[in-house]
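Notes for the one structure printed next.
No lab work stands behind these numbers, since they all come straight from the coordinates. No experiment lies behind these values; they were computed from the predicted model shown. Note that each Cβ is placed from the backbone with ideal geometry, even for glycine, and that neighbours are counted across all protein chains shown.
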Amino acid sequence: MAIGRRTLLRGVAGSLVLGAGLGAYALAVEPLRLAVTAYALRPAGWPEGLRLRVAALADLHAGFPHMSPERIRGIVEATNALRPDVVVLLGDYAGTDRISAEPILWGDAVPLMRGLDAPLGVFGVLGNHEFWDDPGAQRRRDGRTLAHAAFARAGIPLLENGAARLHARGGPVWLLGLGDQLAYRLGRGRTRGVDDLPGTLARIDDDAPAILLAHEPDIFPRVPDRVALTLCGHTHGGQVRLMGYSPVVPSRFGNRYAYGHVVEGRRHLVVSGGLGTVAAGLLPARLGLPPEIVVVDLG
């Protein structure tokens, strides 16, 4: 049956309206939502009776229009309301994206997180943007960044190839933090990290379970069974995720570690979809994956 010209034009017009509506939603509505994504896990070998609630915040990318100081304060309040035992910060804090209308740099973004409250503490790692968007750090390549100084002033400890032994309900647990895997841009798409996984693991000196914080999930194939859970950000879940698939993922593994809970053998990985936006493709949009606070109950 032939399709009439008027019917065809209506169909084209309807598609354009639908596309424009989705685009507006992805740019102006979904980036301003806030979801809580909860996981309940008991990895192999996790001690009986050991309970730990971890809240994870990733990829804040502070700046207008999507991540104002007021919005960050609201995220802090929402995180505290979850009553976590420990809060972990997974990198990329400042709003340095080229499309950000008004960026908020580390000296202003990091202090906004001092209101986070958890009995076992708040700990962070740095992301690639802490290095990439700091020209001085890229020139020196000595491990120092503006973000390091901001965290020191805010009194929030960074676990950069470091470890902290926490006294949780029912026993101790190790919290490990990895240096960024993409820290220095060397040209022609090459990077050099400041990560030291063997050195980080060597800080464990007993048989308590361990949790690893790493900005990029690409480290996961190298993480041994000794680590009960790896928590990562970086991918933003692709920022556009439909029917479990993300068209663009900043990972050499593609959708394998794009988002969510991944189990490989005895090893568990949780990748946060993050909170902020960057220019994925052309515009800082989100679709099918609203900004999220991740909360993991272990035990």
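Listing for the model above:
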{"read-out": "Test: Thr79 is hydroxyl-bearing (Ser, Thr, Tyr), under 17 Å from Ala150 (Cβ atoms) and touching a strand residue (DSSP E or B) at 6+ places or on another chain (Cβ under 9 Å)", "value": "no"}
{"read-out": "Leu201 vs. criteria surrounded by 14 or more Cβ atoms within 10 Å (Cβ to Cβ), over 20 Å from the mean Cα position of the chain (by Cα) and hydrophobic (A, V, I, L, M, F, W, C)", "value": "yes"}
{"read-out": "Filter result for Gly193 (over 15 Å from Thr230 (Cβ atoms), surrounded by fewer than 20 Cβ atoms within 10 Å (Cβ to Cβ), free of Cβ contacts under 8 Å to residues at least 40 places away in the same chain and within 19 Å of the chain's Cα centre (by Cα))", "value": "yes"}
{"read-out": "Single residue of Ala81, Ala118 found to be surrounded by fewer than 20 Cβ atoms within 10 Å (Cβ to Cβ) and touching a Pro at 6+ places or on another chain (Cβ under 6 Å)", "value": "Ala118"}
{"read-out": "Test: residue in region 220-233 that is under 13 Å from the mean Cα position of the chain (by Cα), of a type in the set (Val, Ile, Thr) and buried (at least 21 other Cβ atoms within 10 Å of the Cβ)", "value": "yes"}
{"read-out": "Answer residue from region 158-174, given it is out of contact with any Lys or Arg (no Cβ under 8 Å at 6 or more places or on another chain) and within 13 Å of Leu213 (Cβ to Cβ) and is surrounded by the most Cβ atoms within 10 Å (Cβ to Cβ) among those", "value": "Leu159"}
{"read-out": "Members of region 151-183 that are free of Cβ contacts under 8 Å to residues at least 60 places away in the same chain, touching a Pro at 6+ places or on another chain (Cβ under 8 Å) and more than 22 Å from Phe131 (Cβ to Cβ)", "value": "Ala164, Arg165, Trp174"}
{"read-out": "Any hit, region 202-210, residues being in a strand (DSSP E or B) and in contact with a helix residue (DSSP H, G or I) (Cβ under 9 Å, 6 or more places away or on another chain)", "value": "yes"}
{"read-out": "All positions within region 20-46 that are buried (at least 17 other Cβ atoms within 10 Å of the Cβ) and out of contact with any Asp or Glu (no Cβ under 8 Å at 6 or more places or on another chain)", "value": "Ala26, Leu27, Glu30, Pro31, Pro43, Trp46"}
{"read-out": "Restricting region 123-157 to residues that are under 19 Å from the mean Cα position of the chain (by Cα) and of a type in the set (Gly, Ala, Ser), the residue that is surrounded by the fewest Cβ atoms within 10 Å (Cβ to Cβ)", "value": "Ala150"}
{"read-out": "Leu186, sole failed condition from (1) of a type in the set (A, V, I, L, M, F, W, C); (2) over 26 Å from Gly265 (Cβ atoms); (3) in contact (Cβ under 8 Å) with a residue 24 or more places away in the chain; (4) not in a helix (DSSP H, G or I)", "value": "(3)"}
